[in-house]
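**Q** This structure is in structure tokens; I'll ask about it shortly.
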Amino acid sequence: MREAWLPLAVLLALGAAPLLGFGGSYETTLMARVMILAMAAVSLSFLVGGAGLVSLGHAASVGVGAYAVAILDAHNVTEAARVLPAAIGAAALFSMVTGAVAIRTSGVHFIMITLAFGQMAFFTASSLAAYGGDDGYTLYSRTEVWGSRLLGNRLTFHYVCLGALALTWALCAMLLASRFGRVLRAARENAQRVEAVGLAPYPFRLVAYVIAGAIGGAAGFLLANATEFVSPAGISWQRSGELLFMVILGGVGRLWGAILGAVAFVLLETWLADHVAHWKMVFGPLLVLAVLFLKGGLSGLVVRRHG
Amino acid sequence: MAEPLLRLVDLRKHYGGLAVTDGVSLDVLPGEIHAVIGPNGAGKTTLIHEITGVVRPDAGQVVFAGRDVTRLSLPRRVRAGLARTFQITSVVPGFTALANVALAVQARLGSSFRFLRPAASEAATNTAAMDALAEVGLADRAEVPAGALSHGEKRALELAIALATKPRLLLLDEPLAGAGPEETERLIALLTRLKSAYTILLVEHDMQAVFALADRVSVLVYGRVIATGTVAEIRGNPEVRAAYLGEDEA
Ligand SMILES: Nc1ncnc2c1ncn2[C@@H]1O[C@H](COP(=O)(O)OP(=O)(O)OP(=O)(O)O)[C@@H](O)[C@H]1O
Ligand SMILES: [Mg+2]
């Protein structure tokens, strides 16, 4: 934990930012995006670095969560006590069904099959004409909390996102340290060893996959509320790739690396988009260079300096 | 004669046209060290794979403690009391020696679907794991990452992991392979100690070790058991000498 001072500082900074004059609409929107994507990235890091399950379809569970909000919104269900469990439950269910198949494979096959399931979700969302189809769907309102428009308040929403991110990190760290996580970590390194002590890795991996999906669904709930809009683009494999990239950029071996990865990714993307004309031509190569030269990712840099 | 703890009935396995296990029937009696020897490629490792469920035999039965386990997976056989080591050492390199053994302890002690408490600080599993490490002489290496242990230490660690599952039958695939002379001596002393407490199926190329440790020996050649008997019987068997020992001593 001592080596985690930087991500803790990042969380503190995010907590203090609105009080230090960064409470405007632009800043809080940007920070919400960072925190929600970081939340999704941490749960993906739990899968990739913890369980060794390199999913290229994680955005789909985020998307399922977001679409749950949209679909319920279209049917006038906007109460958090119903919408949030629905978003989490739908994403968990989606992960359970797709994971039950995907986890039977490994390596490149696993990557491809998660990608395929992600695309399935993408095309399904595109074809939901009643909920905007390709164009996406704009929420009538943010989700209400026991009838109050709590989440509509910029500051409240900011701290809800921050709390969700911190909770995600703590939860995933706890899980990885537990007996359950020990089996996951052992199976990542040597699955046959795990079998030879009497444990089949499959159910552990599936539970991990469902948990990560559920967290993704919660992130999707927040994302839909942050933008008050959902669209198939949020489910695309590019988004899954971005999440995976945040994990790698931050360093696969540490959960909190994904927080650094998400911050760096979103800030860089935003800055380039504002300042460079053909920014995507610069962004791509920059990402490639970062992966090539930052072995162990950003978190690896921090730990090496201070560890 | 006592009921055999393990009984193999006419096991068969083909890889393409190659009969790797060609009608093997064999009994392991409670309390004995039963050695399986045979030249390279005789099918010894495949036989252990079939006994432990890593490989499915094409035909035949594996009966363990009176129960047909032929269709059970490796984890389920381990939970039934079969533990094995691998010819190529198999540990979790990133885990400490202690955590490697503690994994086996938690698998035996009950549910691994526990999500809240940090596993590394569970006293009960750690104590049992330390006991197993002490049994193989690795107590002072408990906190070393398994990947950083010497080859002989890794072999001993794999033994400790197997012991921590509290097996009724230990299957050891060439536990001495690749160990230096000193390590070999230590491992033989360890196996001698284990002999009083465990039933062991031992695959080993080191004849001196086999003849010192084994109660009975089966000779496997091209997937067939050509002889089973006491050490003295096997040493004196002309067929065995011709097929195996002869070329070994030449
Ligand atoms: N999965 C496989 N596919 C095809 N052939 C295999 C397979 N596994 C083993 N074999 C072949 O089966 C034969 C027996 O192999 P096995 O590893 O069981 O022998 P062994 O007696 O353990 O040999 P060694 O003493 O070298 O460890 C060998 O000819 C090997 O090449
Ligand atoms: Mg072999």
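**Q** B:E3 passes all but one of (1) open to solvent by 10 Å² or more (accessible area, probe 1.4 Å); (2) in a loop (DSSP other than H, G, I, E, B); (3) within 16 Å of ligand 1 (Cβ to nearest atom); which number fails?
**A** (3)
**Q** Please go through segment B:28-53 and pick out each residue that is in a loop (DSSP other than H, G, I, E, B) and within 6 Å of ligand 1 (Cβ to nearest atom). Spell out the reasoning first.
**A** From segment B:28-53, those in a loop (DSSP other than H, G, I, E, B) are B:29-32, B:38-43, B:53; that's our starting set.
Scanning segment B:28-53 gives B:G38, B:N40, B:G41, B:A42, B:G43.
**Q** Checking A:I211 against (1) without any contact (Cβ under 8 Å) to a residue 60 or more places away in the chain; (2) open to solvent by 20 Å² or more (accessible area, probe 1.4 Å): exactly one of these is not met. Which one?
**A** (1)
**Q** Next question, about the same structure. Please specify each residue of segment B:103-124 satisfying the condition of being open to solvent by less than 70 Å² (accessible area, probe 1.4 Å), in contact with a helix residue (DSSP H, G or I) (Cβ under 6 Å, 6 or more places away or on another chain) and at the interface with chain A (Cβ under 7 Å from one of its Cβ atoms).
**A** B:L103, B:A104, B:Q106, B:S112, B:F115, B:P118, B:A119, listed by residue number.
**Q** With the requirement that a residue be facing chain A (nearest Cβ under 9 Å) and either of a type outside the set (K, R) or within 13 Å of ligand 1 (Cβ to nearest atom) (or both), what does segment B:54-79 give you?
**A** Scanning segment B:54-79 gives B:V54, B:S73, B:L74, B:P75, B:V78.
**Q** So A:W169 clears everything in (1) within 11 Å of chain B (Cβ to nearest Cβ); (2) under 20 Å from A:V10 (Cβ atoms); (3) within 16 Å of the chain's Cα centre (by Cα) except one condition, right? Which one?
**A** Condition (1) is where A:W169 drops out.
**Q** Looking at segment B:185-210 only, could you name the residues that are of a type outside the set (A, V, I, L, M) and either open to solvent by less than 20 Å² (accessible area, probe 1.4 Å) or touching a helix residue (DSSP H, G or I) at 6+ places or on another chain (Cβ under 6 Å) (or both)?
**A** Correct list: B:T199, B:E204.
**Q** Write out, first by first residue and then by second, each pair whose Cβ atoms fall under 6 Å of each other, whose residues are 6+ apart or on separate chains, and whose first residue, in segment B:34-48, is within 14 Å of chain A (Cβ to nearest Cβ) while the second is polar (S, T, N, Q) and near ligand 2 (Cβ under 9 Å from one of its atoms).
**A** Going by the 6 Å Cβ cut-off, the qualifying pairs are B:T45/B:Q87.
**Q** Could you list all residues from segment A:192-208 that are open to solvent by 10 Å² or more (accessible area, probe 1.4 Å) and either free of Cβ contacts under 8 Å to residues at least 12 places away in the same chain or not in a helix (DSSP H, G or I) (or both)?
**A** Across segment A:192-208, the qualifying residues are A:Q192, A:E195, A:L199, A:A200, A:P203.
**Q** Could you please find all residues in segment B:80-98 being within 7 Å of chain A (Cβ to nearest Cβ) and within 17 Å of B:V136 (Cβ to Cβ)?
**A** B:R84, B:S90, B:V91, B:V92, B:F95
**Q** Looking at B:Q87, is it open to solvent by 40 Å² or more (accessible area, probe 1.4 Å) and either within 16 Å of ligand 2 (Cβ to nearest atom) or under 18 Å from the mean Cα position of the chain (by Cα) (or both)?
**A** It is true that B:Q87 is open to solvent by 40 Å² or more (accessible area, probe 1.4 Å) and either within 16 Å of ligand 2 (Cβ to nearest atom) or under 18 Å from the mean Cα position of the chain (by Cα) (or both).
**Q** Here's a follow-up. If we scan segment B:7-25, do we find a residue that is within 14 Å of chain A (Cβ to nearest Cβ), touching a residue at least 40 places away in the same chain (Cβ under 8 Å), away from ligand 1 (no atom under 12 Å from the Cβ) and touching a strand residue (DSSP E or B) at 6+ places or on another chain (Cβ under 6 Å)?
**A** No, every residue in segment B:7-25 fails to be within 14 Å of chain A (Cβ to nearest Cβ), touching a residue at least 40 places away in the same chain (Cβ under 8 Å), away from ligand 1 (no atom under 12 Å from the Cβ) and touching a strand residue (DSSP E or B) at 6+ places or on another chain (Cβ under 6 Å).
The values are calculated or read from the model by the stated rules, or taken from the named source; none is laboratory data. Model, not experiment: these values are computed from the prediction. Glycine also receives a Cβ, built like all others from the backbone with ideal geometry; neighbour counts cover every protein chain displayed. The accessibility values were calculated without ligands, DNA or RNA, using every heavy atom of the protein model including side chains. Shrake-Rupley method; radii C 1.70, N 1.55, O 1.52, S 1.80 Å.
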